[in-house]
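Asks: Have a look at this one.
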Amino acid sequence: MELMIFETPAAVADEGARRIRHLLHARPDAVLGLATGSTPLTMYERLVRDCRQKRISFAAVTTFNLDEYVGLDGDHPQSYRHYMNEHFFSKIDIDLANTHLPVAAAGANPLRIGAEYETKIAAAGGIDLQVLGIGRNGHIGFNEPTSSLGSRTRVKTLTRETLASNRRFFPAHGKQAELAITMGIATIMEARKVLLLATGEEKAAAVEQLIEGPVSAMWPATTLQYHGNVTVLLDAAAASRLKNRDYYDWVQQQQQKLVQQFDAD
Ligand code: F6R
């Protein structure tokens with residue numbers, strides 16, 4: 001697991017955007033797995049800027065989002081489709097037909113969507129790079145604690161903690177969606193590369209488990225310890241509970257030296 005610790009959330013966003021630019025330069029038709037939530041917003045802003053400045057293009061890119069609330073269709077303001085369109089897709093040169101979320105709009109059978117979504121990901125050739133945030137309870141996507149480490153895309157019941165944390169996105173008296181369809185942990189593990197961003201002290205306990213804890217379904221993100229190509233980008237607050245911080249900083253310095261010497265890109 002590659003770990004980079006920055007002072008600020010802005011620096012995390014810069015590095016995340018740099019990684020995606022790098023991928024798109026090498027592979028303009030990459031398949032990206034995307035996340036919603038507050039963490040990746042600044043990174044998306046950076047990518048919008050890069051696209052407007054013609055430093056990158058999403059014209060040939062295909063995307064698959066991690067998750068979507070059950071029963072919300074794309075024009076619902078709290079749907080993740082709406083979030084993605086508003087914050088990212090409408091501001092870049094992507095073809096909306098190539099953007100996918102596991103949508104089970106009102107009336108559709110949510111139990112069927114998971115397998116269909118997996119088929120679409122496979123037909124696109126799999127995910128080259130999966131962007132992840134992390135929940136305070138260690139969830140990735142909406143794979144809440146005790147999710148099977150072998151799970152595939154399916155309906156998940158959100159924990160009360162996740163519902164409380166996401167309550168801020170729903171109107172004060174509006175009904176909040178309680179079920180989501182999420183890529184499974186095994187689905188995420190099949191991405192060729194994973195880029196996880198975490199900022200803020202409220203993520204410090206989950207980050208501690210992710211980096212230094214034992215692999216456990218109680219902290220689903222810990223499964224990433226088995227993935228061969230994960231980069232974790234943290235700000236200082238999210239890294240504040242790590243016990244071996246000195247070592248990680250030293251590794252980062254060594255890595256930078258190697259890159260400067262052999263791979264300036
Ligand atoms: C979002 C997602 C979630 C979030 C996580 C962190 O698509 O799947 O796992 O990444 O809940 O959310 P924020 O970034 O709002 O703290």
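Asks: Among the listed residues ALA13, ALA26, which satisfies the condition of being on the phi < 0 side of the Ramachandran plot, under 16 Å from the mean Cα position of the chain (by Cα) and of a type in the set (A, V, I, L, M, F, W, C)?
Replies: Being on the phi < 0 side of the Ramachandran plot, under 16 Å from the mean Cα position of the chain (by Cα) and of a type in the set (A, V, I, L, M, F, W, C) holds for just one of ALA13, ALA26, which is ALA13.
Asks: Can we say ASP29 is within 24 Å of PRO171 (Cα to Cα), more than 16 Å from the ligand (Cβ to nearest atom) and in a loop (DSSP other than H, G, I, E, B)?
Replies: Judged against the criteria, ASP29 is not a match.
Asks: List, please: which pairs have Cβ atoms under 9 Å, are six or more places apart or on different chains, and start with a residue in segment 27-38 that is of a type in the set (S, T, N, Q) and end with one that is more than 10 Å from the ligand (Cβ to nearest atom) and open to solvent by 10 Å² or more (accessible area, probe 1.4 Å)?
Replies: THR36/HIS87
Asks: VAL48 - would you say it is β-branched (Val, Ile, Thr), touching a strand residue (DSSP E or B) at 6+ places or on another chain (Cβ under 7 Å) and at pLDDT 95 or above?
Replies: No: the conditions fail for VAL48.
Asks: Find all pairs meeting these conditions: Cβ atoms under 7 angstrom apart; at least six residues apart or on different chains; first residue within segment 189-216 and in contact (Cβ under 8 Å) with a residue 12 or more places away in the chain and among the polar types (S, T, N, Q); second residue outside any helix (DSSP H, G or I) and within 9 Å of the ligand (Cβ to nearest atom).
Replies: Hits for this filter: THR199/THR39.
Asks: Tally up the residues in segment 172-197 that are within 16 Å of the chain's Cα centre (by Cα), surrounded by fewer than 20 Cβ atoms within 10 Å (Cβ to Cβ) and either within 12 Å of the ligand (Cβ to nearest atom) or over 19 Å from SER148 (Cα atoms) (or both), please.
Replies: Total meeting the criteria: 2.
Asks: Scan (1) within 16 Å of the ligand (Cβ to nearest atom); (2) open to solvent by 20 Å² or more (accessible area, probe 1.4 Å); (3) assigned to a helix (DSSP H, G or I); (4) not small (Gly, Ala, Ser) for the single condition ARG18 breaks and write down its number.
Replies: (1)
Asks: Step by step: first the residues of segment 35-45, then only those that are of a type outside the set (Ser, Thr, Tyr) and surrounded by fewer than 19 Cβ atoms within 10 Å (Cβ to Cβ), then the one that is nearest to the ligand (Cβ to nearest atom). Which residue is that?
Replies: The residue in question is GLY37.
Asks: Can you tell me which residues in segment 138-167 are of a type outside the set (Ser, Thr, Tyr) and within 9 Å of the ligand (Cβ to nearest atom)?
Replies: HIS139, ILE140, GLY141, PHE142, ASN143, ASN166
The values are calculated or read from the model by the stated rules, or taken from the named source; none is laboratory data. Values in this document were obtained by computation on a predicted structure and should not be read as measured data. Quick reminder, even Gly has a Cβ in these numbers, built from the backbone with ideal geometry, and neighbours come from all protein chains shown. Side chains are part of the model used for accessible areas, which takes the heavy atoms of the whole protein and leaves out ligands, DNA and RNA. Shrake-Rupley method; radii C 1.70, N 1.55, O 1.52, S 1.80 Å.
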